[in-house]
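Any read-out appearing in this document is the output of simple, stated calculations on the displayed coordinates, not a laboratory observation. Quick caveat: nothing in here was measured; it's all calculated off a predicted structure. Ideal geometry is used to build each Cβ from the backbone, glycine not excepted, and the neighbour counts take in all protein chains shown.
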Amino acid sequence: MVANAEPPVIECLGLTKVFKDFWMRPRVTAVDGLDLVVQPHQVFGLLGPNGSGKSTTIKMILGLLFPTKGRVAVFGQLPSDVKTKARVGYLPEESYLYRFLNARETLDFYGRIFNLDRRERNKRIDMLLEMVGLQAVQRRPVGEFSKGMQRRIGLAQALINDPDLLILDEPTTGLDPLGTRQIKDLILNLKQRGKTVLLCSHLLADVEDVCDRVTILYGGKIRALGTIDELLRVSDSTQFETEHLDPALVEKVRELLQREGNRKIHRVEAPRRKLEALFLEIVQQALKEGAVTSGARSGGTVAQFLAAGTQAASASETTQVIESLVNAAKPQPPAQSSAKPAETPKSGADAAVLSALTAPKPAVAEFAPAAESKSAAPAPTSPSVDRSVIDGLLDKGDKK
Amino acid sequence: MKLPDAPWKRWSLTLALSALALIAAEAAVWLGAGHDPLRDSAGRTFAGAWLAAWLFLAGLALLRLLLKFEWAPLSVARTLLDEAIRMRLALAFIGLLILTLAVLPAMESSETPLHYRVQTFLSLGLGATATLLSLMTIFLASIGLSGEIQDQRIFTVMTKPMGRGAYLFGKWLGIMLLDGLLLAVAGATLFSYAFQMAREPGIDRADAQAVWSEVLTARASVPPRPAAPFEDKAREKIARLMRERSPLLQEVGADQLFEQIVKDEEKQWRSIEPRGRATFVFEGLREAKALEKPVQIRFTINTLPEPPEKLLTLGMEIKGRTAAVDVRVGEYKSVTLNPDAIDAQGRIEFILINENPRNPKSSFAATITIPPADGLEALYERGGFALNFARATAILWIKLGFLAMFGLGAGALLSFPVAALLTLGVYTLASASGFLIDALKYFGDNEKSEALKAATSSVRWTGMLLAELLGPYSRYAPGAKVVDGRLVPWSDVLGCAGWIGLVWTGLAAAAGWLIFRLRELARVQV
């Protein structure tokens, strides 16, 4: 595999963090001997109940906490290395922002820390504000924003440098379904561009929709690790989805299965749409009717500098220019970006077109490979995936 | 009313509205007082406050422009400026400072001699500026880092490509620029008010002249020395005692006796008995002679008992010519001499006579004493007030730089209230170190109990050690010099820059950086 030939983006070896009390006595082992490798171009999910060590792990990866034992490397360097930090974007679990700065000033502040020149900075700020739907309120102090709006500006700041590694800690907390959908699209988009995403979330459906690999933590230790398909496949049952069948035909299928394979059909029902899809359709309709809102507008398309290679043909030239500017502006061009060009989208030229998102769920066979189904369409795919592995573990954790 | 979005439109509108408000206020003064509002104290207060506020805003806009370059510490500094203004903390101090400086001239009574009024204004103005800016710096610095750690904004900032040292420097730079701007505004306000006051009529001609010759100037000071060194006299006395085989030498010891005699001689030199006289020699006045600058002999006296109304007439003799001078006990008297009074060697021999030369019989019969230090000195003009004032401001700025770095360093380790209290404690101790050294010298000497003596002794030595360590902070105090129209020499500025600016601030920066670097920003204590 190409991905494995490249050095890992994140590598944790025997990572341990023990929190101490005032007298420096060890009290809580938040992370316990964690071995974790995140390969380039992956969307990696970090799951676990509260207090399982997810945030502590992320903070050690970012250099905000120092390991008690073990080693952590990001792009092969220490997390505190300035050149390493130039390639990382981070959205914390809460948007810790300067309340007195407005949205535009906030992005300008972070852009200047990345040494982006004024022209490039302003271009990216415009695109990001458009993308997160805050262009209309860009002069309003961030302190006056709702929680969802703060999450949006927090996301924008995490993307200002077009990071090679994006670390998202509970990115959809406080966001409406529109924003949630947009973040998921963004993650998929970044993945298509060969970026790496580390996602930490409680919302299992979100993780399931976008992650290639998932690890589940409990008590600071890894309890499960693998691809979504590996973890979620239920190999002792089969599910069909087809056009509507009348009861007589269903009965014939039942008889056929009984006769040919001595198998029983346990459940026959009409599939339901997801609530998320319905919600998005309603909002889209309201937008078309020109309904007024004082809050964040629905976000625009993914910022061009983040969506290079996925835009419509008419935008391709602009995208190339932006891509070249992005690469030129980077302090240290990522090795994998040059080694592996952005993947060509398999379908759906514009991954963020809302109308596409609001369409009814596409009919995809459950047994289709998970990665394939995700790249085929940005909308949620699995109709009724068995989450027993994840839920079981989480339930276990909660009960304990 | 909805303000326009474009910043320049908002600023223009605010400027126009505030100018209209000023015109209205001045018109009210004109109609109420019936004379030129700019000659009326209330009218000047309004105009001064308006000008100072706009000077500050213009300076702030300029600073923000200068900090627009893409360099992380500049970005941090610019955000600190924005925070200081928009979060109202600094704005409260700035408003108070501008208001204080604008109101001070109006508080002086017109019956007070003009040069005293200008001195009082400068003294209070400089004092208020130094105190308010120090407090603002302490608060801004203490919350600058601890506040960001506390509310976790630091998570987002420190995961960006910026070292912790660069971040610390950016914060310090922001505070220094804000302090620099405020010092410039306060300095310009003080300076222009002082010059405007100086043009007012004094209570007499001498008073009006004294403003320019004793206050709004920069004078070098020359201390007096006796006609013959005290050490020579002490040696003579010791030699005599040795010849006489005095038992005193055995009892006290020659060295201690020598020191005691020198002290006694100096005391005696500064005391003049009724009808007695003392000679004081001022040397090193060649420059004044070459520049043809007049020389002022400035002195004060104490008597016991005091004469009626504390007024005394003394005689003074220079180059064989005697003159009478009226002196009020406890107050400073300045006598201006023509450069011709300086001889070819650059010396003035000044003889003070405890007798009224106009009417010797009416002389008040009491010994007069001249206090040490600045009880008697010769002064001559060495430079202009403007540059002197600028040097004093520079010293104040350097001292604020140390406070800023100390506060930031403290904030890297401690929470805001603790960091602020610690920095405030250091500032108070440093400012009062001169006084503390004097006060602690004899602290606990009268204790009879051995235990109490030991306790007070440890307090004394700890206090003395800290006060000595922080001593330079109070030694570089240019305010009093500016108020007295004395020269603040470049050596003071360089000394302050070296000691406080480089050594102290450098040490505070190194300690702060080390603490910040080793600190876990997302630390959880369980």
**Asked** With each label point set 7 Å from Cα along the Cα-Cβ vector, what nm distance links B:Glu244 and B:Leu15?
**Response** 8.3 nm
**Item:** Interchain or long-range residues, amide H under 5 Å from B:Phe280's placed H
**Value:** B:Phe350, B:Ile351, B:Leu352
**Item:** Antiparallel content of DSSP bridges confined to the protein assembly as shown, in %, to 5
**Value:** 75 percent
**Asked** Beyond 43 Å, what percent of the Cα pairs of the protein assembly as shown remain?
**Response** 53 percent
**Request:** Highest first, please rank the peptides A:171-183, B:479-491 by the mean number of other Cβ atoms sitting within 10 Å of their residues.
**Result:** A:171-183, B:479-491
**Request:** Take the Cβ-Cβ distance between A:Ala248 and A:His202 as r, set R0 to 45 Å, and report the resulting FRET efficiency rounded to the nearest 0.05.
**Result:** 0.50
**Asked** With each pseudo-label sitting 7 Å past Cα toward Cβ, what's the B:Trp30-A:Arg99 distance in nm, one decimal?
**Response** 4.5 nm
**Message:** From the phi angles alone, apply the Karplus equation (6.51, -1.76, 1.60; θ = phi - 60°) to the stretch B:476-493 and give each ³J(HN,Hα) in whole Hz, x where the residue is Gly or Pro.
**Reply:** 8, 10, x, x, 4, 5, 4, 4, 7, x, 9, 6, 9, x, 4, 4, 5, 5
**All Cα pairs of the stretch B:222-382, percent lying beyond 23 Å** = 46 percent
**Fill in**
Plugging the Cβ-Cβ distance of B:Glu231 and B:Asp151 into 1/(1 + (r/R0)^6) at R0 = 51 Å yields, to the nearest 0.05, a FRET efficiency of 0.20
**Request:** Report, in degrees rounded to the nearest 10, the 0 to 90 angle that the Cα long axis of helix B:41-66 makes with the longest principal axis of chain B.
**Result:** 60 degrees
**Prompt:** In what sequence, highest mean first, do B:273-279, B:417-423, A:196-202 appear when ranked by Cβ atoms within 10 angstrom?
**Reply:** A:196-202, B:417-423, B:273-279
**Request:** Would you kindly derive the ³J(HN,Hα) couplings of the stretch A:64-72 from the backbone phi angles with the Karplus curve 6.51 cos²θ - 1.76 cosθ + 1.60 (θ = phi - 60°), listing them in order in whole Hz, with x for Gly and Pro?
**Result:** 7, 10, 9, x, 6, 9, x, 9, 9
**Message:** Using the Cα centre of the protein assembly as shown as origin and beta-carbon charges of +1 (Lys, Arg) and -1 (Asp, Glu), tell me which of A:Val142, A:Ser80, B:Phe416 is placed farthest towards the positive end of the dipole.
**Reply:** A:Ser80
**Request:** Mind checking B:79-89 for the average number of partner chain beta-carbons within 10 Å of each residue's beta-carbon?
**Result:** 3
**Request:** Starting from the eigenvalues of the Cα gyration tensor, five times each then square-rooted, give me the equivalent ellipsoid semi-axes of the stretch B:482-526, largest first, whole Å.
**Result:** 40, 12, 5
**Asked** Mind checking the angle between helix B:385-413 and chain B's longest principal axis? C-alpha axes, 0 to 90 degrees, to the nearest 10.
**Response** 60 degrees
**Prompt:** Put a dot 7 Å past each Cα toward the Cβ at A:Asn262 and A:Glu144; how far apart are the dots in nm?
**Reply:** 7.4 nm
**Prompt:** If one puts a single equal scatterer on every Cα of the stretch A:174-213 and applies the Debye formula without solvent, what log₁₀ I(q)/I(0) results at q = 0.16, 0.20, 0.21, 0.26 Å⁻¹?
**Reply:** -0.37, -0.58, -0.64, -0.95
**Residue-averaged beta-carbon neighbours from other chains (10 angstrom radius) around B:65-74** = 3
**10 Å Cβ neighbours from other chains, averaged over peptide A:25-37** = 1
